[in-house]
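Note sheet for the following structure.
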Amino acid sequence: MTTLVTGGTGFVASNIVRKLVEQGEQVVAFDILPPSDLLLAYVKPWARRVTFIQGDILNRTDLELTREHGITKIVHAAVFTGILPHIEAGRSKDIVNINMMGTTNVLELARLLSVQRFIYVSSGSVYGDDHPDSAVTEASIPRPHTLYAVTKYASELVTRRYGELHNFPTVSVRLGSPFGPMERVTGHRANQSLLKEWTGSIVRGLPIKVGDQSVERAFTYVLDIAGGICAVVNSPSLSYDVYNVSTGDKISLKQIIAVLRELHP
């Protein structure tokens, strides 16, 4: 029994890979980029349980390379995180194509493999930045605004219906704002979390760029997110088809700055 993790060399997905192999699972990490030396070192204690395959989710021939590995579950985390305005405008077609058509290709692979469970890694951004609910839950109505958020929510719906049509279980997980190890800029992740940017600037002795300090985010440690996703992967049964995976507590940028000042006056 092996779990396929798409986007497996990326930020969140590489931590999902690590959590799964820590728990004794066999994992195939599929990504358009090869594993970096940093990632290989990150999973080195469990290296014998990880198989890396380089390929593109837009290329179904590449995805076929995974079929010989006994895949029983799929965690689809490959994505184009094009949330910066200039990227959203300049690469609109790529965002839609990768996030929508890529998801469809992976769902078709799931159909061919008759997987036991398909986990779609979505985002809390589907709720929008100005949701009227004081506490956003899975029952809150999605209000996606950016192309990234729109494609994530649309992919949730496609995932659910594909599973219904082809008789394999699906579930979507909506992530809080992740931070932690393995976060770096890649071809399909052009920006980093404010926590990564700010702490990196402080370590290098550089000033930090601060906008609206009242903005709040549910910053969540990425290994906690990965642990939550692994629980969804391995649960004997699931009662719902959408789960928020987040700390649930928002913190303002002003509060973060105050803590950083205490740690690094």
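The values are calculated or read from the model by the stated rules, or taken from the named source; none is laboratory data. These numbers were taken from a predicted model, which means no experiment stands behind them. Note: ideal-geometry Cβ built from the backbone for every residue, glycine included; neighbour counts use all protein chains shown.
Look at segment 12-24 and say how many of its residues are over 14 Å from residue 181 (Cα atoms) and touching a residue at least 40 places away in the same chain (Cβ under 8 Å).
Final tally of qualifying residues: 2.
Among residues belonging to segment 27-50 that are touching a residue at least 40 places away in the same chain (Cβ under 8 Å) and within 23 Å of residue 67 (Cα to Cα), point out the one that is surrounded by the fewest Cβ atoms within 10 Å (Cβ to Cβ).
Selected residue: 33.
Hey, among the residues in segment 244-265 that are under 22 Å from the mean Cα position of the chain (by Cα) and part of a strand (DSSP E or B), which one's farthest from residue 9 (Cα to Cα)?
Looking at the filtered set, the residue picked out is 251.
Here are the criteria: (1) surrounded by fewer than 14 Cβ atoms within 10 Å (Cβ to Cβ); (2) under 23 Å from residue 31 (Cβ atoms); (3) in contact (Cβ under 8 Å) with a residue 12 or more places away in the chain. Tell me which single one residue 119 does not satisfy.
Among (1) surrounded by fewer than 14 Cβ atoms within 10 Å (Cβ to Cβ); (2) under 23 Å from residue 31 (Cβ atoms); (3) in contact (Cβ under 8 Å) with a residue 12 or more places away in the chain, the lone unmet condition for residue 119 is (1).
Closer than 23 Å to residue 161 by Cα, among the aliphatic types (A, V, I, L, M) and assigned to a strand (DSSP E or B): is that true of residue 75 in this structure?
yes
Would you mention how many residues in segment 128-158 are touching a residue at least 24 places away in the same chain (Cβ under 8 Å) and either in a helix (DSSP H, G or I) or among the charged types (D, E, K, R) (or both)?
Result for segment 128-158: 11.
Is it true that some residue in segment 242-252 is of a type in the set (S, T, N, Q), over 16 Å from residue 124 (Cβ atoms) and modelled with pLDDT of 95 or more?
Within segment 242-252, none of the residues are of a type in the set (S, T, N, Q), over 16 Å from residue 124 (Cβ atoms) and modelled with pLDDT of 95 or more.
If I go through segment 86-128 residue by residue, how many of them are among the hydroxyl-bearing types (Ser, Thr, Tyr) and over 12 Å from residue 154 (Cα atoms)?
Residues flagged as among the hydroxyl-bearing types (Ser, Thr, Tyr) and over 12 Å from residue 154 (Cα atoms) within segment 86-128 amount to 4.
For segment 1-26, what are the residues that are charged (D, E, K, R), touching a strand residue (DSSP E or B) at 6+ places or on another chain (Cβ under 8 Å) and surrounded by fewer than 17 Cβ atoms within 10 Å (Cβ to Cβ)?
Correct list: empty.
Only one of 168, 179 is within 21 Å of residue 87 (Cβ to Cβ), surrounded by fewer than 21 Cβ atoms within 10 Å (Cβ to Cβ) and either touching a helix residue (DSSP H, G or I) at 6+ places or on another chain (Cβ under 7 Å) or of a type in the set (A, V, I, L, M) (or both). Can you tell me which?
Going through 168, 179 in turn, the sole match is 179.
Please verify whether residue 93 is among the charged types (D, E, K, R), crowded, with 17+ Cβ neighbours inside 10 Å and in a helix (DSSP H, G or I), treating the condition exactly as stated.
no
Can you find even one residue in segment 167-178 that is at pLDDT 95 or above and among the hydroxyl-bearing types (Ser, Thr, Tyr)?
The answer is yes; a qualifying residue exists.
Any residue in segment 86-103 that is free of Cβ contacts under 8 Å to residues at least 12 places away in the same chain sitting within a Cβ distance under 8 Å of a residue that is assigned to a loop (DSSP other than H, G, I, E, B)? List the pairs, counting only those 6 or more apart or interchain.
Sorted first by the residue in segment 86-103, then by its partner, the pairs are 91/80; 91/82.
Against the condition surrounded by 12 or more Cβ atoms within 10 Å (Cβ to Cβ), of a type in the set (Gly, Ala, Ser) and modelled with pLDDT of 80 or more, how does residue 227 come out, does it pass?
So residue 227 passes the test.
Which of the residues spanning segment 39-72 are under 20 Å from the mean Cα position of the chain (by Cα), of a type outside the set (S, T, N, Q) and either at pLDDT below 95 or not in a helix (DSSP H, G or I) (or both)?
Once the filter is applied, which keeps residues that are under 20 Å from the mean Cα position of the chain (by Cα), of a type outside the set (S, T, N, Q) and either at pLDDT below 95 or not in a helix (DSSP H, G or I) (or both), segment 39-72 yields 43, 50, 52, 53, 55, 56, 57, 58, 71.
For the condition in contact with a Ser or Thr (Cβ under 7 Å, 6 or more places away or on another chain) and under 18 Å from residue 5 (Cβ atoms), what is the one hit in 147, 223, 175?
175
Look through segment 107-116, keep the residues that are surrounded by 21 or more Cβ atoms within 10 Å (Cβ to Cβ) and part of a helix (DSSP H, G or I), and return whichever of them is nearest to the chain's Cα centre (by Cα).
Only one residue fits best here, namely 107.
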